[in-house]
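Heads up, the thing below is written out as structure tokens.
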Amino acid sequence: MVRPGRRMWLWSLAPAHAGDGPAAVEHLCAAAIAATATDGAAVAVALEAAPRETIYSSNRIVSEVEELSLTLGEGPCVDALDGGLERVPDLCAGRCLARWPVFAPAAVQAGVRAIFALPLQIGAIRLGVLDLYRGEPGDLDRGQLRDALMLADTACALLLDATEQDVPQVPGRVPEPAGLQHPEVHQATGMVSVQLGLSAALALIRLRAYAYAHERRLRDVARDVVARRLRFGHGDIAHGSQPDGHRSDGD
């Protein structure tokens, strides 16, 4: 249990970081970093068109690892969305390398050794995940974990406040917030879905597979699809020219 005084202090952290403006997700992340002695934080939301979308990352390393989760479709931040709290004090541990054989070494190479992914959920509604990162191995102690869980509850309130009020409610999902970081991924998913006659989920898998095979970021591949520089066909993975020197004529 969190003592009432501690609870009030935690609730005051995000507004304190916001100053004179309204508290937002980035202020909540700053508060979470301070309360848990972590090095970075991110918030990802659950969407209808894709499994998750990062709406805030506190620094470049966090952004890179969040991008890895989106591109590869694996990692503690992905699993937490459906499976609950993920505490990973050392990504180099054997069980982590076995569980996430592609993501874990890539995240370590990017500069992350520990990840704590906290689901953002109100009843049956899954809003997203609060992800906390450390550059060195180490677990959250009991007090830090309590604080993180309390701040995750605060993040839920901020996400609900940030959603567009005129979007119809879908049971078990929160409406999509405005200002998503990579809307082109959702546009490209829809285009590939039409090109291949697949569901949005399978179209996203094809986009991820292409990005991973060509060592590119998912959002960069999505931009090429939206700009019609890259088209997915039934006979191969994709074809077309790309401005960054990459070119594909199929598998």
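The values are calculated or read from the model by the stated rules, or taken from the named source; none is laboratory data. In this text, all values refer to a predicted model and were calculated from it rather than measured experimentally. Note: ideal-geometry Cβ built from the backbone for every residue, glycine included; neighbour counts use all protein chains shown.
What to note about this one:
Per-residue answers, yes or no, for (1) more than 19 Å from Ile125 (Cβ to Cβ); (2) surrounded by fewer than 23 Cβ atoms within 10 Å (Cβ to Cβ); (3) not assigned by TED's automatic domain parsing to the domain that holds Leu91; (4) not aliphatic (A, V, I, L, M):
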residue: His27; (1), (2), (3), (4): yes, yes, no, yes
residue: Ala31; (1), (2), (3), (4): yes, no, no, no
residue: Ala34; (1), (2), (3), (4): yes, yes, no, no
residue: Ala42; (1), (2), (3), (4): yes, no, no, no
residue: Glu53; (1), (2), (3), (4): no, yes, no, yes
residue: Arg60; (1), (2), (3), (4): yes, yes, no, yes
residue: Glu67; (1), (2), (3), (4): yes, yes, no, yes
residue: Leu72; (1), (2), (3), (4): yes, yes, no, no
residue: Gly75; (1), (2), (3), (4): yes, no, no, yes
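- Within segment 188-222, restricting attention to residues that are surrounded by 16 or more Cβ atoms within 10 Å (Cβ to Cβ) and of a type in the set (S, T, N, Q), the residue that is nearest to Val65 (Cα to Cα) is Thr189.
- Selection of segment 106-122 for residues being assigned to a loop (DSSP other than H, G, I, E, B) and buried (at least 23 other Cβ atoms within 10 Å of the Cβ) yields only Val112.
- Yes/no for Thr38 being in the same structural domain as Leu130 (by TED's automatic domain parsing), in a loop (DSSP other than H, G, I, E, B) and of a type in the set (S, T, N, Q): yes
- The residue list Pro101, Pro105, Pro137 contains one member that is at pLDDT 95 or above, of a type outside the set (A, V, I, L, M, F, W, C) and touching a strand residue (DSSP E or B) at 6+ places or on another chain (Cβ under 9 Å), which is Pro137.
- Residue count for segment 58-79 under the criterion of being touching a residue at least 60 places away in the same chain (Cβ under 8 Å) and either within 17 Å of Ile33 (Cβ to Cβ) or part of a strand (DSSP E or B) (or both): the result is 4.
- Matching option when the condition is crowded, with 19+ Cβ neighbours inside 10 Å, outside the structural domain of Glu53 (by TED's automatic domain parsing) and at pLDDT 85 or above, among Val174, Val225: Val225
- Residue, nearest to the chain's Cα centre (by Cα), within segment 80-105, restricted to residues that are in a helix (DSSP H, G or I) and surrounded by fewer than 19 Cβ atoms within 10 Å (Cβ to Cβ): Asp82
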